[in-house]
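**Q** Sharing a structure with you now.
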Amino acid sequence: MTQQERYEAAKNRYAGIGVDTDAAIAQLKEVPVSLHCWQGDDVTGFDHVGPLTGGIQVTGNYPGKARTPEELMQDMDEVLRLTPGKKKLNLHASYAIFEEGEHVDRDKLEPKHFAKWVAFAKERNMGIDFNPTFFSHDKIKDGLTLSSPDEETRRFWIDHGKACIRISEYFAKETGVPCVMNIWTGDGYKDIPADRMGPRLRYKDSIEQILSEPFDRKLVKPCVESKVFGIGVESYTAGSGEFTLTFAATHEGCLPLMDNGHYHPTEVVSDKIPTLLCFFPEIALHITRPVRWDSDHVVLFDDETKEMAKEIVRNDALSRVYMALDYFDAGINRISAWTVGFRSWQKALLSALCTPNRKLKELQDQNSLSEMMVLQEELKTYPFGDIWEEYCRQCGVSAGSEWFEEVKKYEAEVLLKR
Ligand code: RNT
Ligand code: ZN
């Protein structure tokens, strides 16, 4: 059977349970997913020398890491070639590109320091998302930024946040696509603090000051990301789950951002997505794969990833949920890591779009729970691979693991020469 014949056969099987696979494919092509620049260089960035600090950690030492903006862009282009679907570019402030000999600190960053990224994104028809960088910097005092008791430190980081709002608005204006700007800090304590509320009150005030910077709410979508712990901040984080959720709920236009590595190991973000959708017009996600902790492993087509995609699709929320990938593995080929993760999330979305969601809801509401279970189980062996192949074909990328041959070639010709 040819690929087309296999697709036609699969399409018929899905039609039998009321799923229109052509429509699913067409719909997915329009859904933007943010591709994080930081998988390419182990979250290093270009505005400083020194280690990654602030509660996160990258492990591994695979050769070929991007060292310059040009190398990072070249690597990202390779990923764009190997992945189907619509992309947005996700940048951190630490990826500012300075002129020869120029350097400005993070509180003084300007749109012009990101002009090359804008050109890159526009040429590739991508919007841009942005993140102020509250880590890997010498102005982090005693592990604290926006929640610091030291006013000078706190001022510096508030000014950084405000600069990032202006840059986010510039991105949105240039690309014509709203910019999601995510605030995450690793502020916290390794051991039991004596004052838990003080840092949170300062954090709250700092974010309020950042958001007091004038901006168009249709162009910039500020988010707050929570985290239950970080490396070196195991006992307490200022930006806890309750803190960020309540902040977003009480500040007009501010979105909660859930990173599925940032909860206790038995909590699942798939269940939190529909909960938040009951209350927030829009929410944001960092899609990752935690293994025992917030390890930021490459996203795979696994059960929880599928369940998250299902919750977005079956609640008709593809336009209400801003989806960004967030992981970094330096132990394997970085292009491959980027590609596997992006493709996995695409698979999860396509598979959710090929699910008879209305039928399943009906069965639940009729309390036909036996039939609901049977159908859910049957679906697991439906010929989804043939639908995926067709989607990849239409997007002009290889469906099977042939793409890895290109990664190997790129590794030999480009990465290993660095
Ligand atoms: C860290 C957070 C945060 C970062 C990126 C680099 O635990 O997940 O989102 O991963 O901003
Ligand atoms: Zn994250």
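The values are calculated or read from the model by the stated rules, or taken from the named source; none is laboratory data. Source: prediction; values computed, not measured. Note that each Cβ is placed from the backbone with ideal geometry, even for glycine, and that neighbours are counted across all protein chains shown.
**Q** So, L201, is that one surrounded by 15 or more Cβ atoms within 10 Å (Cβ to Cβ) and either more than 28 Å from R320 (Cβ to Cβ) or of a type in the set (A, V, I, L, M, F, W, C) (or both) or not? Please lay out each step first, then the result.
**A** On the way: surrounded by 15 or more Cβ atoms within 10 Å (Cβ to Cβ): no; either more than 28 Å from R320 (Cβ to Cβ) or of a type in the set (A, V, I, L, M, F, W, C) (or both): yes.
In short, no.
**Q** While we're looking at this one, here's another question. Kindly establish whether A96 is aliphatic (A, V, I, L, M), buried (at least 18 other Cβ atoms within 10 Å of the Cβ), touching a His at 6+ places or on another chain (Cβ under 7 Å) and modelled with pLDDT of 95 or more. Quick ask: steps written out before the conclusion?
**A** Numbers: aliphatic (A, V, I, L, M): yes; buried (at least 18 other Cβ atoms within 10 Å of the Cβ): yes; touching a His at 6+ places or on another chain (Cβ under 7 Å): yes; modelled with pLDDT of 95 or more: yes.
The answer is yes for A96.
**Q** For region 261-287, give me each residue that is within 16 Å of ligand 1 (Cβ to nearest atom) and closer than 19 Å to N315 by Cα.
**A** Answer for region 261-287, where residues must be within 16 Å of ligand 1 (Cβ to nearest atom) and closer than 19 Å to N315 by Cα: V269, K272, I283, A284, L285, H286, I287.
**Q** Does at least one position in region 168-185 carry a residue that is touching a residue at least 60 places away in the same chain (Cβ under 8 Å), within 30 Å of F114 (Cα to Cα), crowded, with 19+ Cβ neighbours inside 10 Å and small (G, A, S)?
**A** The answer is no; no qualifying residue exists.
**Q** Which one of E110, E102, E71, E30 is surrounded by fewer than 22 Cβ atoms within 10 Å (Cβ to Cβ) and in contact with a His (Cβ under 9 Å, 6 or more places away or on another chain)?
**A** Working: E110 fails: in contact with a His (Cβ under 9 Å, 6 or more places away or on another chain); E71 fails: in contact with a His (Cβ under 9 Å, 6 or more places away or on another chain); E30 fails: in contact with a His (Cβ under 9 Å, 6 or more places away or on another chain).
Going through E110, E102, E71, E30 in turn, the sole match is E102.
**Q** Let me ask something additional. Is it the case that E267 is over 17 Å from F134 (Cα atoms), more than 17 Å from the chain's Cα centre (by Cα) and within 16 Å of ligand 2 (Cβ to nearest atom)? Break it down into steps so the answer makes sense when it comes.
**A** Details: over 17 Å from F134 (Cα atoms): yes; more than 17 Å from the chain's Cα centre (by Cα): yes; within 16 Å of ligand 2 (Cβ to nearest atom): yes.
Against the criterion (over 17 Å from F134 (Cα atoms), more than 17 Å from the chain's Cα centre (by Cα) and within 16 Å of ligand 2 (Cβ to nearest atom)), E267 qualifies.
**Q** List every residue pair whose Cβ atoms lie under 6 Å apart, where the two residues are 6 or more positions apart in sequence or sit on different chains, the first residue falls within region 373-389 and is closer than 19 Å to R358 by Cβ, and the second residue, located anywhere, is modelled with pLDDT of 95 or more.
**A** Pairs that qualify, where the first residue is closer than 19 Å to R358 by Cβ and the partner is modelled with pLDDT of 95 or more, are F384/S351; I387/A10; I387/T21; I387/C354.
**Q** Continuing with this model, one more query. How many residues does region 344-390 hold that are hydroxyl-bearing (S, T, Y) and over 27 Å from the mean Cα position of the chain (by Cα)? Give the derivation first.
**A** We begin by selecting, within region 344-390, every residue hydroxyl-bearing (S, T, Y); these are 344, 351, 355, 368, 370, 381-382.
Now drop any that are not over 27 Å from the mean Cα position of the chain (by Cα), which leaves 368, 370, 381-382.
Count: 4.
**Q** Just to confirm my filter: which helices (runs of 4 or more DSSP H) fall fully inside region 266-364 and include at least 1 residues that are in contact with a Gly (Cβ under 9 Å, 6 or more places away or on another chain), hydroxyl-bearing (S, T, Y) and more than 24 Å from E390 (Cβ to Cβ)?
**A** No helices (runs of 4 or more DSSP H) qualify here.
**Q** Taking region 115-144 as the search range and keeping residues that are free of Cβ contacts under 8 Å to residues at least 60 places away in the same chain and of a type in the set (S, T, N, Q), which one is surrounded by the fewest Cβ atoms within 10 Å (Cβ to Cβ)?
**A** So, considering only residues that are free of Cβ contacts under 8 Å to residues at least 60 places away in the same chain and of a type in the set (S, T, N, Q), the one surrounded by the fewest Cβ atoms within 10 Å (Cβ to Cβ) is N125.
**Q** Tell me, which helices (runs of 4 or more DSSP H) lie completely within region 1-107 with 3 or more residues that are free of Cβ contacts under 8 Å to residues at least 60 places away in the same chain and within 30 Å of V414 (Cα to Cα)?
**A** Passing ranges, in order: 69-82.
**Q** Is it true that some residue in region 395-417 is at pLDDT 95 or above, of a type in the set (S, T, N, Q) and exposed (fewer than 11 other Cβ atoms within 10 Å of the Cβ)?
**A** The answer is no, given that none of the residues of region 395-417 is at pLDDT 95 or above, of a type in the set (S, T, N, Q) and exposed (fewer than 11 other Cβ atoms within 10 Å of the Cβ).
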